[in-house]
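Okay, so here's the structure we're looking at.
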Amino acid sequence: MAFCPNCGNEIEDDAKFCASCGNPMDGSASAGNADQGSTGSIFGDIKRSGLGFKKKMDNYAHGEHKNIERPEGCLYFINGLQGTLAIFEEYIEFNFSGSAMKKYMSGFGGVKKVYYHQINSIQKRDATDMVNGTIEFELPGMAASRFSQNENMLTYLPKYQDEANKIYDYVNNKILEINSSKSQPSQVVQTEVSPMAKLKEAKELLDMGIITQEEFDEIKAKCLADM
């Protein structure tokens with residue numbers, strides 16, 4: 001196996017292009033990249049070299065060198081460091097059962113499904129060239145924290161930033177919709193009683209001596225008029 005000199009992604013030896021960044025793998029392109037390896041600045045070269053190493057390690061840790069399928073029916077998907085995150089219409093799903101690296105980083109393992117009514121809030125830290133992004137869900141009884149291991153948090157590569165933005169907006173709207181429906185006053189449904197039922201009830205009251213014959217005749221006349 002070989003590695004892309006541009007992003008560090010692992011590729012096949014006979015690959016013409018990098019599947020991750022699209023960098024051409026032919027000899028002339030590689031030579032061109034070698035010529036442009038130095039920026040003329042010591043600090044620039046260190047930064048360039050450091051970013052290349054970071055990309056290579058991040059791609060390996062996230063399992064980008066493996067073919068991880070997007071779950072069928074999901075709206076959005078991120079292959080993160082601790083596991084994968086799939087967004088469906090009714091729920092979100094974490095999958096920590098991937099590589100040994102993901103199981104170790106998550107500390108949990110297995111598959112976890114969370115419905116939107118269970119989510120209090122969502123937090124996102126955007127990714128940059130030097131820092132990976134994080135997306136975290138706060139559930140009842142669990143304080144969200146970026147500094148402690150959280151089974152509801154995922155670290156993602158910068159290439160997933162657009163997808164993370166879409167997930168943030170989608171989940172936020174879901175939370176707002178649910179909270180809005182909870183705040184709506186409940187409507188009391190009143191059942192209409194038919195005139196015949198009212199008359200039957202009045203006759204029972206008359207037989208029990210609760211109302212007089214005169215009161216019954218008045219109720220009867222009104223019920224007959226309503227029929």
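The values are calculated or read from the model by the stated rules, or taken from the named source; none is laboratory data. From a predicted model like this one, the values you see are computed outputs, not experimental measurements. Note: ideal-geometry Cβ built from the backbone for every residue, glycine included; neighbour counts use all protein chains shown. For the accessible areas, the whole protein counts, side chains as well, though only heavy atoms, and no ligand, DNA or RNA atoms are used. Shrake-Rupley method; radii C 1.70, N 1.55, O 1.52, S 1.80 Å.
Which helices (runs of 4 or more DSSP H) sit wholly inside the stretch 124-227 and have at least 3 residues that are open to solvent by less than 80 Å² (accessible area, probe 1.4 Å) and either modelled with pLDDT under 80 or farther than 30 Å from I87 by Cα (or both)?
The qualifying helices (runs of 4 or more DSSP H) are 195-207, 213-226.
Looking at this structure, is N120 modelled with pLDDT of 95 or more, surrounded by fewer than 18 Cβ atoms within 10 Å (Cβ to Cβ) and not aromatic (F, W, Y)? Spelling it out, it is not the case that N120 is modelled with pLDDT of 95 or more, surrounded by fewer than 18 Cβ atoms within 10 Å (Cβ to Cβ) and not aromatic (F, W, Y). Look at the stretch 85-99: where a residue is open to solvent by 20 Å² or more (accessible area, probe 1.4 Å) and a partner is among the polar types (S, T, N, Q), sitting 6+ places away or on another chain with Cβ atoms under 8 Å, you get N95/T84; G98/T84.
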